Amino acid sequence: MNRIAERLFIGDANDGADADALRGSGITAVLNATNESDRLGGRFAYLRLGQDDGAPIPPERLDRFARWMRERMETGETVLIHCGAGVSRAATFAITWLMLAGLSWDEAEALVLAARPQIAPNAALKLSVQGWFAERGQEAARREAKRRDLGDSLAEATVWAEESGAFSPAAQRAMQRTVGALRAAIQEIGWPTA
């Protein structure tokens, strides 16, 4: 078992099953990247991802990983990420977490490699993570563009309403259509609506 960051460790299946060693290292949560079941008997916060080595990681699994890790870190927990040998899957998920903190793949891999020299993330896993980050970046750019468009549309509608007499029946209908379109667009990009 190796420490990657203050509250992040990486290891193998044996590390993930040794409750005494986990407690001794201050670990309070375990992320099992394998299909193997929990051998800790519910004594730690626990997530089993069920990832096969060499198989692409589905985006939903990466989403679930990111949510679970955020929750653990927000509550001050220390996490062990493990797989069978602590070489490929665990390394990939540790790198992914470090990338979520702002590092590039190469920077994160170098950090994990410095702590655990035997890591060797599988190429399919790496491509999955890089694709997920690329999609997240594209989605963020799409959302930002929609936000700008929505802001422009609302500003245009407001100016038009002011110039044309907002209380006329035609202006009211136009504003209702604009508000309806804005609400639909806001829901589409995932903004909370009142």
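Here, each number is a calculation from the coordinates, and none is a lab measurement. Keep in mind the model is a prediction, meaning the values are calculated, not measured.
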- Query: HN-Hα J couplings of the stretch 108-120 from phi, Karplus 6.51/-1.76/1.60, θ = phi - 60°, integer Hz, Gly and Pro as x?
  - Reply: 5, 4, 4, 5, 5, 4, 5, 8, 9, x, 7, 5, 7
- Message: Going by Cα centres, the stretch 4-40 and the stretch 69-140 are how many Å apart?
- Response: 16
- Query: What is the set of long-range amide H partners of Gln51 at a cut-off below 5 Å, with H atoms built 1.01 Å from backbone N?
  - Reply: Thr34, Asn35
